[in-house]
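Structure, as structure tokens:
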Amino acid sequence: MKAKRASRAILYVVLTIIALYTLSPLAFLLINSFKTQPEIVSAPLALPSSWDFGHLTGAAEQINFWRALAITALVTLTSVALLVVVSSLSAWMMVRNHTRFSNVLLLMFTAAMLVPFQAVMYPLISLMENLQLKNLLGLIIMYGGFGLSLSVFLYHGFIKSVPRSVEEAAVIDGCNILQLFFRVVFPLLKSTTVTVIILNAMWIWNDYLLPFLVIGNSDFKTLTLEIYYAKMLSGQYGNPWELIFSRSLSFHHSYHHRLFISAKILCQGRIRRRSENVEITVP
């Protein structure tokens, strides 16, 4: 009994250390979002002298936070809903109609996951420009196309475990094909649906390159584009860290982005302190 308690205590300590390590970049952003730029560079790990919300409100006003948040949420929700419906229906039809064509189609979906986005980036953007779809609608369609392969692959593997007898009983009770899928089959796919939603929502919400190529510097920018163009306003060599930290904290960037910003500001602060301590002597 004592050994079990000791092992559980050790497990809790290890998990607590991992949690603190994972949340440390977020805490770093939270602390520095209340500082001025000189305070950030001189003492990035110290607490702020005053807890001023001016940088948060200033950053939100500078990048039109609420409009960008609404656009990002619209693109993410619409794209994910489109992916869930189309990929689940496609996978269901390929599983239940087990023909040579369905096998080839599944192979094409699987092979499409191996093609990098950079290989089709410029031809796709040129095609969308010719179709007059370099806008939010075109962005949603492209997200649906890029995320379709993985989503179909996930649904296809799970639908194989759904017994055909359940569908046959629903058909006997008078269900048509849409009722059969949305009332009988789709509720059984909850775990796969949650996986598909999480994977695609995280990718679409934090994506920068595709919105940059499709939307650019238009009036309907996503959060990542608003942050990028706000950074460009500070010049090539300027870094308004007091606003960058506030934006990054408010706009839910990924863990790796927070870690990159934390490492960069620490390195800049160390370099500046070293340059201040160097004494130049003239013979």
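The values are calculated or read from the model by the stated rules, or taken from the named source; none is laboratory data. Computed from a predicted model, the values in this text were never measured in an experiment. Cβ sites come from the backbone with ideal geometry, for glycine too, and all protein chains shown count toward neighbours.
Any chance segment 140-159 includes a residue that's farther than 24 Å from MET108 by Cα, assigned to a helix (DSSP H, G or I) and either of a type in the set (Lys, Arg) or in contact (Cβ under 8 Å) with a residue 60 or more places away in the chain (or both)? Looking through segment 140-159, none of the residues is farther than 24 Å from MET108 by Cα, assigned to a helix (DSSP H, G or I) and either of a type in the set (Lys, Arg) or in contact (Cβ under 8 Å) with a residue 60 or more places away in the chain (or both). Of all the residues in segment 28-72, those that are farther than 20 Å from ASN206 by Cβ, surrounded by 12 or more Cβ atoms within 10 Å (Cβ to Cβ) and small (Gly, Ala, Ser) number 5. The residue list ALA19, ALA6 contains one member that is without any contact (Cβ under 8 Å) to a residue 12 or more places away in the chain and within 30 Å of ILE198 (Cβ to Cβ), which is ALA19. Considering segment 111-161, and only residues there that are more than 30 Å from HIS98 (Cβ to Cβ) and of a type in the set (D, E, K, R), the residue that is nearest to the chain's Cα centre (by Cα) turns out to be LYS134.
Could you check, for segment 157-169, whether at least one of its residues is closer than 30 Å to PHE212 by Cα and in contact with a Leu (Cβ under 9 Å, 6 or more places away or on another chain)?
no
One residue stands out in segment 190-221 among those that are in a helix (DSSP H, G or I) and among the small types (Gly, Ala, Ser): the one that is surrounded by the fewest Cβ atoms within 10 Å (Cβ to Cβ), namely SER191.
Among residues that are over 24 Å from MET113 (Cβ atoms), touching a residue at least 40 places away in the same chain (Cβ under 8 Å), out of contact with any Ser or Thr (no Cβ under 6 Å at 6 or more places or on another chain) and surrounded by fewer than 17 Cβ atoms within 10 Å (Cβ to Cβ), ARG164 is included.
Starting from residues that are more than 23 Å from the chain's Cα centre (by Cα) and of a type in the set (Phe, Trp, Tyr), keep the ones in segment 18-75 and report whichever is modelled with the lowest pLDDT. Of everything passing the filter in segment 18-75, PHE53 is modelled with the lowest pLDDT. The criterion of at least 3 residues that are in contact with a helix residue (DSSP H, G or I) (Cβ under 6 Å, 6 or more places away or on another chain), closer than 27 Å to LEU225 by Cα and of a type in the set (A, V, I, L, M, F, W, C) is met by the following helices (runs of 4 or more DSSP H) wholly inside segment 38-127: 65-96.
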